[in-house]
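Nothing in this text is a laboratory measurement; each read-out follows from the coordinates by a stated rule. None of the values given here were measured: they were computed from a predicted structure. Heads up, the Cβs are rebuilt from the backbone with ideal geometry, glycines too, and the neighbour counts pull from every protein chain shown.
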DNA sequence: CTCATAGGCGCG
DNA sequence: AAAGCGCGCCTATGAG
């Protein structure tokens with residue numbers, strides 16, 4: 001374990017402590033304000049020529065660091081640092097694991113530094129925007145301009161400067177502006193730290209500060225996309241779409257545009273005589289897949305039902321082409337790789353958007369968290385030359401978290417005994433012994449095989465649905481979409497009721513969450529994050545209902561998400577620790593899954609006093625085992641150490657090795 | 001022409 | 001159909 005992780009045991013969060021280790025004094029000239037570097041906390045900000053650091057046309061204009069409030073130092077770097085002293089000072093600052101760099105949306109700045117200066121970033125990153133998010137995720141704007149309004153001397157300094165101006169502004173003006181930004185973030189640090197402490201957010205802030213550099217590494221490394229692989233799937237899809245288009249017009253007997261929902265609605269509901277059963281919020285007949293799927297029941301001929309199938313097939317393929325295949329050219333950067341941007345914490349301002357209210361990451365430019373499942377699509381993402389992918393995901397993480405949060409004994413038993421949770425719930429509800437059910441679900445000759453399979457899907461649906469606050473009506477609809485079976489509404493009600501009776505602690509927990517949301521106006525999860533829900537009430541309004549659903553879902557999604565983020569920290573640390581044996585890099589994260597690319601290094605052979613040492617080469621299986629242990633156990637140990645929270649439900653993290661993502 | 005909104009759908 | 005949670009991003013559409 002690296003020092004920075006171990007240290008958390010003693011003093012989880014002492015960003016206050018000054019360290020006397022930078023005696024250098026900056027000279028006092030136009031581009032710097034005198035001051036002695038004596039803290040290990042630096043405000044930081046950069047100005048750039050554009051927004052996209054992966055674009056070769058854009059350079060870093062200037063860099064500013066603030067060693068303490070009201071002091072900052074700027075370097076005009078448009079054509080590189082003016083001297084080695086400045087560069088090395090800056091490099092030393094960023095590469096020192098004892099340092100904390102403070103900035104507003106600081107990962108953005110750090111990415112530029114990594115890409116343009118080739119500096120590795122080893123310090124922690126304190127993001128003032130994230131700090132503000134922990135304190136209030138609902139705030140209308142968390143821009144730097146907004147937050148600095150609290151400092152009278154900085155009021156309005158950003159008002160008349162926009163990005164385009166920076167390229168034309170005089171050097172000194174840029175530097176002053178840049179220095180003010182750095183100073184502002186350094187001051188915000190002092191403003192936020194006590195607030196974070198009293199709010200109980202210290203552990204999460206520290207964790208986030210360790211996650212951000214890892215996200216930066218993941219993003220700047222990027223992931224290799226095999227365009228030839230994608231092209232094959234794309235042209236296959238394209239051919240099929242042309243054929244489908246032709247077939248559909250043939251049946252409809254009238255030319256129409258399936259890409260246009262208006263035209264499609266007109267054909268279905270006016271020309272072909274179908275009756276709409278689903279409507280959009282504005283009251284027009286819906287043309288989404290669900291609505292069209294229902295029309296099968298109304299089909300009066302084989303041709304009509306085939307038309308339904310074809311339009312659904314076409315819509316599916318259209319989505320794949322337009323959202324995933326055509327944009328590929330835009331996704332890949334000059335290095336031929338895909339660099340997403342992960343956001344931690346909801347960003348609400350003009351300059352950046354993204355993030356989530358729960359603590360999950362979001363991914364954009366491009367979004368790598370909604371790539372269609374299946375090797376045919378995901379397979380376009382593959383390991384770099386000489387590497388292989390190590391892909392893993394948590395099994396039923398959110399259900400395990402729900403079991404923990406409610407301390408539901410029956411469900412905890414199932415997890416403790418390593419049962420398949422969906423089958424276990426089914427066994428509980430149908431009172432058929434678990435082992436017997438497993439056997440029946442395996443035996444496709446069994447007379448009840450189909451029914452049982454369907455029932456398991458229904459159970460699975462409830463298991464997830466409960467966490468989201470599903471009602472009988474919605475469950476009925478979902479089962480109809482998923483299984484094509486129309487269950488009786490009362491049966492669905494009964495199913496949900498039975499479920500909640502069987503797992504009574506979960507029912508109690510759900511009710512408690514709702515009551516807390518209404519009573520306090522917020523709910524909290526065990527690591528301290530809160531979800532403020534001012535709309536929460538027992539009124540029969542949709543806003544109130546939404547708030548209550550969030551009250552039950554938030555702790556589950558949030559805790560699950562932090563477990564995974566902590567996993568990133570420890571996994572990255574593991575690769576760092578074993579870099580003599582493994583060249584390993586995390587490349588992607590999708591909520592409960594982590595993908596890395598790894599390369600086994602040759603055995604390290606060296607001589608010492610005429611002895612020959614050969615360090616053991618690791619095997620892939622060893623690494624898989626280590627990674628599973630990290631995600632299943634080390635994450636929970638971290639949570640015990642840092643948060644004093646004991647998650648007493650076992651986690652399962654399954655890994656696989658492959659060449660391509662799947 | 002640009003811009004915001006609506007409808008829709010991919011993922012966990 | 002904000003009575004199922006959390007996202008990002010596509011095109012069509014219509015207003016200005």
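Compute the length gained on full extension between residue A:451 and residue A:494: take 0.36 nm times their separation in residues and subtract their Cα-Cα distance, giving the result in nm to one decimal. Could the numbers behind the result be given before it?
Working: separation 43, 0.36 × 43 = 15.48 nm, distance 1.76 nm.
Length gained, residue A:451 through residue A:494: 13.7 nm.
Put in line by how crowded their Cβ is, counting other Cβ atoms within 10 Å and starting with the fewest, A:546, A:422, A:591 read A:546, A:591, A:422. Helix A:421-430 and the longest principal axis of the C-alpha atoms of chain A enclose an angle of approximately 40°.
Once the C-beta distance of residue A:122 and residue A:601 is scaled by a Förster radius of 22 Å, the resulting FRET efficiency is 0.55 to the nearest 0.05. Evaluated over the Cα positions of the range A:403-494, the convex hull gives a direction-averaged projected area, one quarter of its surface, of 6.4 nm².
Helical runs assigned H by DSSP (4 residues or longer) give chain A a calculated mean residue ellipticity at 222 nm of -14500 deg cm²/dmol, each run adding -39500 (n - 2.57) before division by the residue total. Helix A:397-406 and the longest principal axis of the Cα set of chain A meet at an angle near 90°. Between residue A:375 and residue A:171, full extension at 0.36 nm per residue minus the direct alpha carbon distance yields a gain of 68.3 nm. Residues of the range A:193-225 with backbone nitrogen within less than 13 Å of a virtual label 7 Å along the Cα-to-Cβ line of residue A:135, please, listed as ranges. Residues passing the 13 Å test: A:193-202.
Sort A:518-525, A:181-188 by packing, meaning the average of other beta carbons within 10 Å per residue, with the highest value first. Can you show the working numbers first?
Numbers: A:518-525: 17.2, A:181-188: 26.9.
Highest to lowest by the protection proxy: A:181-188, A:518-525.
For residue A:629, put the label point 7 Å out on the Cα→Cβ axis and report which residues of the range A:527-571 keep their amide N under 18 Å from it. From the range A:527-571, the list is A:567-571.
If I stretch the segment between residue A:508 and residue A:305 completely, what's the gain in nm (0.36 nm per residue apart, minus their alpha carbon distance), one decimal?
Full-extension gain reported as 68.5 nm.
Using equal-weight Cα scatterers in the Debye expression, the normalised intensity of chain A in log10 at q = 0.06, 0.10 Å⁻¹ is -0.41, -1.11. From least to most packed, judged by other beta carbons within 10 angstrom and beginning with the fewest, A:114, A:59 follow the order A:59, A:114.
Annotation for the range A:247-318 versus the range A:100-151: alpha-carbon center distance of 48 Å.
Treating the range A:548-662 as a set of equal point scatterers at the Cα positions, no solvent, please give the Debye-formula log₁₀ I(q)/I(0) at q = 0.17, 0.21, 0.23 Å⁻¹. Ignoring solvent entirely, the Cα scatterers give -0.90, -1.18, -1.33. In this calculation the C-beta distance from residue A:240 to residue A:365 is compared with R0 = 30 Å, giving a FRET efficiency of 0.55.
Can you compute the FRET efficiency between residue A:159 and residue A:659 using 1/(1 + (r/R0)^6), with r the Cβ-Cβ distance and R0 = 45 Å? Round to the nearest 0.05. Show your work: numbers first, answer last.
Working: r = 53 Å, r/R0 = 1.17.
That gives a FRET efficiency of 0.30.
The range A:455-485 and the range A:201-246 have Cα centres separated by 29 Å. In whole percents, the pair-distance distribution calculated for the range A:523-596 from its alpha-carbon pairs, binned every 5 Å from zero, is 3, 15, 18, 14, 13, 11, 9, 7, 5, 3, 2, 1, 0.
For A:608, A:634, which order do you get if you count the other beta carbons within 10 Å of each Cβ and list the fewest first?
On the way: A:608 7, A:634 20.
By the 10 Å Cβ count, ascending: A:608, A:634.
If you wrap the Cα atoms of the range A:440-535 in a convex hull and average its projected area over all directions, you get 8.3 nm².
With N set to the number of residues, divide the alpha-carbon radius of gyration of the range A:472-612 by 2.2 N^0.38 Å and report two decimals.
On the way: Rg = 24.3 Å, N = 141, 2.2 N^0.38 = 14.4 Å.
Normalised Rg, Cα atoms only: 1.68.
What translational diffusion coefficient, to the nearest whole µm²/s, does the range A:119-235 have by Stokes-Einstein, given a Kirkwood radius computed over alpha-carbon pairs, a temperature of 25 °C and 0.890 mPa s viscosity?
Once the numbers are plugged in, D ends up at 142 µm²/s.
Shown here: the range A:227-331, whose C-alpha atoms stretch 44, 31, 22 Å along the first, second and third principal axes, sorted largest to smallest.
One Cα centroid belongs to the range A:35-93, the other to the range A:625-655; the line between them spans 38 Å.
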